[in-house]
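Input: a single structure, listed below in structure tokens.
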């Protein structure tokens with residue numbers, strides 16, 4: 001059996017860039033028998049003779065952070081497992097109930113990707129320091145920051161809000177890239193707020209359904225007692 005690869009080659013480095021940018025971890029990549037060991041890749045990153053590899057690896061990590069943010073939006077929008085069938089002792093479907101396990105798992109997946117994105121690309125998604133007028137320092141996550149006017153106007157990403165952003169950017173001299181970055185961060189927060197509101201709504205619906213089922217059972221019992229007395 002041949003040993004692991006140890007010689008640095010541009011095609012091998014390019015393969016590592018692609019897989020990192022596509023969302024794979026370095027540990028997962030190095031489990032592949034056709035790839036070098038993790039210690040070998042780390043040695044390449046520490047070697048000044050491979051500065052180009054180091055720079056492209058860092059860029060691939062930043063692209064990976066953007067991919068994680070896109071996945072957060074997809075997870076928040078996916079409601080296919082939010083509800084599950086509620087069955088009686090006989091196995092008959094009696095209604096639907098909130099799938100708490102799936103909702104908690106989705107929340108964990110979103111928070112994990114958010115944490116990684118903040119660490120991989122702190123300038124765009126990391127926590128910024130907000131110095132208040134009273135001298136107090138507040139930490140504000142940039143990935144969850146939003147434009148204040150978005151709560152009373154169209155969500156970020158719509159044609160009207162983007163038009164206003166472009167006009168404001170042109171007036172202040174900001175570039176299109178800065179506007180897109182701000183709109184993207186605000187859009188992620190709007191979607192996260194939607195997800196939280198949706199979870200709260202589902203919980204209220206589940207409680208209301210349980211209350212109605214209990215009321216119907218009591219009414220059925222009272223009707224039976226009345227018939228018995230008659």
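The values are calculated or read from the model by the stated rules, or taken from the named source; none is laboratory data. These numbers were taken from a predicted model, which means no experiment stands behind them. Cβ sites come from the backbone with ideal geometry, for glycine too, and all protein chains shown count toward neighbours.
Of 27, 19, which residue is under 28 Å from the mean Cα position of the chain (by Cα), in a helix (DSSP H, G or I) and either surrounded by 12 or more Cβ atoms within 10 Å (Cβ to Cβ) or in contact (Cβ under 8 Å) with a residue 40 or more places away in the chain (or both)?
19
Does segment 120-138 hold any residues that are in contact with a strand residue (DSSP E or B) (Cβ under 7 Å, 6 or more places away or on another chain) and modelled with pLDDT under 70, and which are they?
The answer is 129, 130, 131, 132, 137, 138.
Has segment 103-119 got at least one residue that is assigned to a helix (DSSP H, G or I) and touching a strand residue (DSSP E or B) at 6+ places or on another chain (Cβ under 9 Å)?
So far as segment 103-119 goes, yes, one or more of its residues are assigned to a helix (DSSP H, G or I) and touching a strand residue (DSSP E or B) at 6+ places or on another chain (Cβ under 9 Å).
Can you pull out every residue in segment 1-16 that is in a helix (DSSP H, G or I) and over 26 Å from residue 69 (Cα atoms)?
Passing the criteria: 10, 11, 12.
Which one of these does residue 41 not meet: (1) surrounded by 17 or more Cβ atoms within 10 Å (Cβ to Cβ); (2) touching a strand residue (DSSP E or B) at 6+ places or on another chain (Cβ under 9 Å); (3) more than 19 Å from residue 192 (Cα to Cα)?
Here residue 41 clears every test but (2).
With in a helix (DSSP H, G or I) and more than 23 Å from the chain's Cα centre (by Cα) as the only criterion, which of 53, 68 stands out?
53
Hey, among the residues in segment 79-102 that are without any contact (Cβ under 8 Å) to a residue 60 or more places away in the chain and in a loop (DSSP other than H, G, I, E, B), which one's surrounded by the most Cβ atoms within 10 Å (Cβ to Cβ)?
In this case the residue turns out to be 99.
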